[in-house]
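Written out below as structure tokens is the structure these notes cover.
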Amino acid sequence: MTTTVIDVDGVRMRYGATEVLHDVTFQVAAGETVALLGPNGAGKTTTIEILEGFRQRTAGRVAVLGADPMRGGDAWRARVGVVLQSWRDHAKWRVGELLAHLAGYYPRPWPVDALLAAVGLTDQAGQKIRTLSGGQRRRLDVAIGVVGRPDVLFLDEPTAGFDPVARREFHDLVTGLDTTVLLTTHDLDEAERLADRIVILDGGRVVADGTAAELARAIVGADEVRWRRGDERLRRSTSDSTAFVRDLLTDPDVVELEVHRASLEQTYLALVHRAETTGATA
């Protein structure tokens, strides 16, 4: 039986006369990685802050690990990991010393040596934090977020400012973590790579919830099949590319066969454009 780790039901948030979240509802299961996407101002940061217990919602119900985040005590907090976009830089600390110090606040922390190995910082254990590269500092951010072996981890724009190599290394690190993850990101390739499921917010409302493949089928619909027959290059949009390709393969003259499925970026842009159009005409 699947355990629900994050349960958001009918959450509303109002700042003065402005309502920034409207009946937001979604769930995250144990061990699942979910990406919370949306344009600037969609309500992602507010939602994450409510789930972390840093902001009080106006209405609705929220449970993280079975508790209301605003009432979670020390025992609950020890089970929650948070990796912010930035944190106060303890530049004079050495990497291993800082992790050992923080581990002392948790009942069942990672052993420091094992944690350093898990995040790829074993060779930097004795370095002062100010000497780390940007990618190494972000790895340290994750180490700080998971030092207490959290059952749920919140990642807010985890690879902002990363170069491609550092981004790929970070992705490998996150996929190797054995925990439930909720992340926000503007990097749609990152969301498609890391997330089991995508929740899209727009205008403070959940406008889509599903796997990248499910959303592509629902929003974009057709795959595009391309092939060459002799000197003729052909293409066809189809909702059943598997059956279409099976038929094409019976023709020995068909070469250079390709199937292009809608990317998360195409799906996201189509969905947000549709939401904007609907809102404009409402």
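Some notes on this structure:
- Residue (of P109, T250, A63) at the positive-pole extreme of the chain, dipole from beta-carbon charges: P109
- Global form of region 167-206, assessed from the alpha-carbon gyration tensor, a/c cut-off 1.5: prolate
- Temperature 20 °C, viscosity 1.002 mPa s: under these conditions the Stokes-Einstein estimate for region 219-281, based on its Kirkwood radius over C-alpha pairs, is 160 µm² per second.
- Compactness check for region 174-241: Cα Rg over 2.2 N^0.38 Å is 1.54.
- Once backbone amide H atoms are built at 1.01 Å from N, L21 has M13 as its partners under 5 Å, excluding neighbours fewer than 5 places away on the same chain.
- Cα centroid of region 180-207 to Cα centroid of region 4-26, whole Å: 16 Å
- Binning the C-alpha pair distances of the chain at 5 Å intervals from 0 yields a P(r) profile of 1, 5, 11, 14, 15, 14, 12, 9, 7, 5, 4, 2, 1, 0 %, listed from the shortest bin outward.
- Gyration tensor verdict on region 155-270 (Cα atoms; rounded if a/c is under 1.5, prolate if a/b is larger than b/c, oblate otherwise): prolate
- The magnitude of the dipole of the chain, with charges of +1 and -1 set on the Cβ of Lys/Arg and Asp/Glu and taken from the Cα centre, is near 960 debye.
Read-outs throughout are calculated quantities, based only on the coordinates presented, and are distinct from any laboratory measurement. The model shown is predicted, which means the values in this text are computed figures rather than measured ones. Counting neighbours? That spans all protein chains shown, and the Cβs are built from the backbone with ideal geometry, glycine included.
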